[in-house]
Amino acid sequence: MRKHIHRAYRKVCDTSPQMKRKIRIAYATLLGIAILSGAAIVMVAEIQLKRLEEAARIPEAPPFPISVNPQLKTIFENPEVDTYFAIYVSSDYSRNKKISWLEETLEKIAISRWFQQLASPVARVLVIYPGERKEEIAEEFGDILKWDEEEEARFVSLVDQSIPNLDEGVYFPGRYLTHKDATPEEIASLVTTEFTSELLKRYPEELAAQIPLKETLILASILEREAYDFTDMREISGIIWNRLFIDMNLQLDATLQYAKAEKTPGVWWPQIVPKDKYIESPFNTYENEGLPPAPIANPSLDAVLAALNPIETNCMFYFHDDNSNFHCSVTYEEHVELLKQYYGQGR
């Protein structure tokens, strides 16, 4: 690219001073883009290599530990959880994963559609972020791979059919490297293979006998939308399990967002207002008891581990303040008082 810019620059050296100045500016701009592109490619390649080296040193993950007994309606502290999280779960897209501002910025540039088309004529990088709906993922993939609506729908259908009795929650978060002309069939195979190798292998029949995988994915998908980090997920998981133990409605806004989005296509996570608590939907956990009928998003390993390993708590209610701090209460009256302290009303 730099060679072509130099050649074009030499061809116009006999133009007017004003034109030369404009050309120099354009030349500097293009050269800057080329340098930035090269720097981003090198940086992302180094990050990828580092992560691959780290992954190679980690032994195959054992089954998920579990700290809850739904039959006895009890939660206990399991000392294995933090160790398991640190070794086998904390991933590129873990919310506890700390990366530098420069790494984050360059990665965002590198996976954008315009940059990928500029930087590579053949390769594409697809990313599934934790907490996305399958419709979001299909739209993002289609945008990068230039699929039409029929191809996006075929991709969703193929993934949905790949895991029996599960049609959401199986689009495993992560980064997928492919070629620019990849078909829905090829990408569906990549995604389902990753789900099988990273999650299904950690969920043996003995664990499924205690908590069916579908229930875990439903709860994990809710945690993905309701929480900020792994500890936050475990705290909220404890409160959700407490509500399930006493057959209390879960009353979670994330499920309302999912239900509302079904009526407003294209707006994946709409803002919730009080009247939305009366939406007619099996995903309305203000109106219906128990877990919703399916996952509302695609969870990370962090969220799955948190769903199986809640923190033991007496709290039944919670909220996050404007600084993302977590507050919980045992009674509704205490909950309202806390809300008044932070917001001046029980909202």
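Bear in mind these aren't lab numbers, they're just calculated from the coordinates by the rules spelled out. What you see is a predicted model, and the numbers here were worked out from it, not measured in a lab. Note that each Cβ is placed from the backbone with ideal geometry, even for glycine, and that neighbours are counted across all protein chains shown.
Residue separation of Glu287 and Ala209 scaled by 0.36 nm, minus their Cα-Cα distance, works out to 25.2 nm of gained length.
What the phi angles of segment 202-219 give under the Karplus curve with 6.51, -1.76 and 1.60, with θ = phi - 60°, is a coupling list of 8, 10, x, 4, 4, 6, 4, 5, 7, 9, x, 4, 4, 5, 5, 5, 4, 5 Hz, glycine and proline written as x. Computed over the Cα atoms of segment 205-343, pair by distinct pair, the Kirkwood hydrodynamic radius stands at 15.5 angstrom. When each of the peptides 249-257, 219-227 is scored by the mean number of other C-beta atoms lying within 10 Å of its residues, the order from highest to lowest reads 219-227, 249-257.
Among the listed pairs Lys275/Lys340; Lys146/Lys214; Lys146/Lys260; Lys277/Lys340; Lys201/Lys277; Lys134/Lys277, a Cα-Cα separation exceeding 26 Å is found for Lys146/Lys214; Lys146/Lys260; Lys201/Lys277. Rg and Dmax of segment 136-257, both derived from C-alpha coordinates alone, stand at 16.6, 52 Å.
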